[in-house]
Amino acid sequence: MTDFPAAQRFGFLLVPNFSLIALSSAVDPLRLANMALGRRVFDYVTIGVSTEPVLSSDGIRVLPDQVMGESSRFDTVFVIGPNPIPRQGFGEVTQWLRRLAAQGITLGGIDTGCYFLAKAGLLDGYRCTIHWEDRDTLLEEFPALLLSSRLFEIDRDRYTCSGGVSPLDLMTFVLRRPPGNRELAQQVSDLLVAYQRSPNDNQSLPMRYRYANVPEVLLEALEMMESNVEEPLSPAEIAAYLKVSRRQLERQFRDFLKTSPARKYLEIRLARARLSVLRTNRRIDDIAASCGFASTAHFIARYRAVYAQSPQAERMASPSVDN
């Protein structure tokens with residue numbers, strides 16, 4: 001194996017309510033890389049905003065190795081973001097990130113960590129990504145961001161990824177770069193019993209993976225529905241485009257999905273609307289219009305029938321947005 005220079009040092013800032021699986025997915029590739037190399041080439045520490053243990057989103061507390069600002073001897077620092085995104089109370093985090101950036105330290109955001117980089121003004125002109133659930137939240141506050149729906153983005157000295165297990169993909173990709181190489185990245189992926197997904201892969205599984213073993217015409221109909229939420233197509237229009245009869249289309253939905261095309265389309269539109277209700281501060285009437293409802297009253301009635309409460313009531317009960 002190639003001789004390596006002095007260890008690269010990674011810091012992982014744990015924002016309260018951070019994703020534990022995202023932290024583990026980011027750290028384990030570095031641990032396994034060291035094991036494969038037989039020496040500590042990649043050093044890493046956890047960082048807290050204080051000396052107190054940091055509560056993760058699943059209730060497990062992690063005692064940080066050091067406190068934010070205690071040291072800036074890093075090559076790369078990642079922010080492991082929380083759910084939901086806090087809109088205030090973390091000014092010291094953004095100030096610290098700005099100081100790191102001024103020192104030329106590479107910065108990254110994992111899960112919702114991208115939000116803190118954006119809040120610090122450190123993503124202007126950079127491609128970035130965030131977990132798909134928080135995409136609208138981020139764009140609502142920072143509409144000029146170059147935001148993608150990819151698993152991860154590496155743009156010069158900014159690394160961002162979408163959360164969940166996607167840090168595995170990001171970190172194995174990072175391990176391809178000096179002081180690592182492709183062989184090391186492949187070894188780590190083999191040890192993790194995982195394959196290296198491309199940075200060009202999108203976060204959401206394509207429809208044909210989500211609905212395996214259904215006819216192609218049904219997949220195409222579902223893709224058309226997901227792509228036409230704001231101005232819904234009628235079942236007859238979808239059938240005509242797919243060159244089948246409306247009766248054939250309805251039979252496919254009934255046989256394979258146990259529902260009608262109209263009902264499935266409504267589910268897709270309501271799910272899209274609910275994401276905006278719970279993750280953004282957009283007006284309810286704007287959300288209704290953007291999801292293809294002719295009136296706000298009709299939207300609220302449909303929403304309540306499926307989710308057992310109005311969008312306003314569910315938003316007020318949710319900690320995800322400012323009330």
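The values are calculated or read from the model by the stated rules, or taken from the named source; none is laboratory data. A quick note: this is a predicted structure, and the numbers were derived from the prediction, not measured. Glycine gets a Cβ as well: all are built from the backbone with ideal geometry, and neighbour counts include every protein chain shown.
For this structure, a couple of remarks:
- Only one of LEU218, LEU266, LEU222, LEU278 that is in contact with a helix residue (DSSP H, G or I) (Cβ under 9 Å, 6 or more places away or on another chain), modelled with pLDDT of 95 or more and in a helix (DSSP H, G or I): LEU266
- Filter pass, ARG98 being assigned to a helix (DSSP H, G or I), surrounded by fewer than 21 Cβ atoms within 10 Å (Cβ to Cβ) and at negative phi: yes
- ILE85 falls short on exactly one of the conditions (1) more than 24 Å from SER56 (Cβ to Cβ); (2) assigned to a loop (DSSP other than H, G, I, E, B), and that condition is (1).
- For ALA212, the criteria (1) assigned to a loop (DSSP other than H, G, I, E, B); (2) buried (at least 16 other Cβ atoms within 10 Å of the Cβ) hold in every case but one, which is (2).
- Residue in the stretch 123-136 that is over 22 Å from LEU13 (Cα atoms), modelled with pLDDT under 90 and surrounded by 15 or more Cβ atoms within 10 Å (Cβ to Cβ) present: yes
- Sole residue being of a type in the set (A, V, I, L, M, F, W, C) and free of Cβ contacts under 8 Å to residues at least 40 places away in the same chain, chosen from LEU37, LEU32, LEU20, LEU63: LEU63
- Test: residue in the stretch 185-202 that is at pLDDT below 90 and within 30 Å of ARG254 (Cα to Cα): yes
- One residue alone among ALA240, ALA313, ALA271, ALA294 is outside the structural domain of ARG135 (by TED's automatic domain parsing), within 25 Å of the chain's Cα centre (by Cα) and either assigned to a helix (DSSP H, G or I) or modelled with pLDDT under 95 (or both), and that residue is ALA271.
- Residue in the stretch 162-184 that is in contact with a Phe, Trp or Tyr (Cβ under 6 Å, 6 or more places away or on another chain), over 30 Å from SER260 (Cβ atoms), at pLDDT 90 or above and among the aliphatic types (A, V, I, L, M) present: yes
- Matching entry among GLY121, GLY69 (being in a loop (DSSP other than H, G, I, E, B), over 30 Å from GLU183 (Cβ atoms) and within 23 Å of the chain's Cα centre (by Cα)): GLY121
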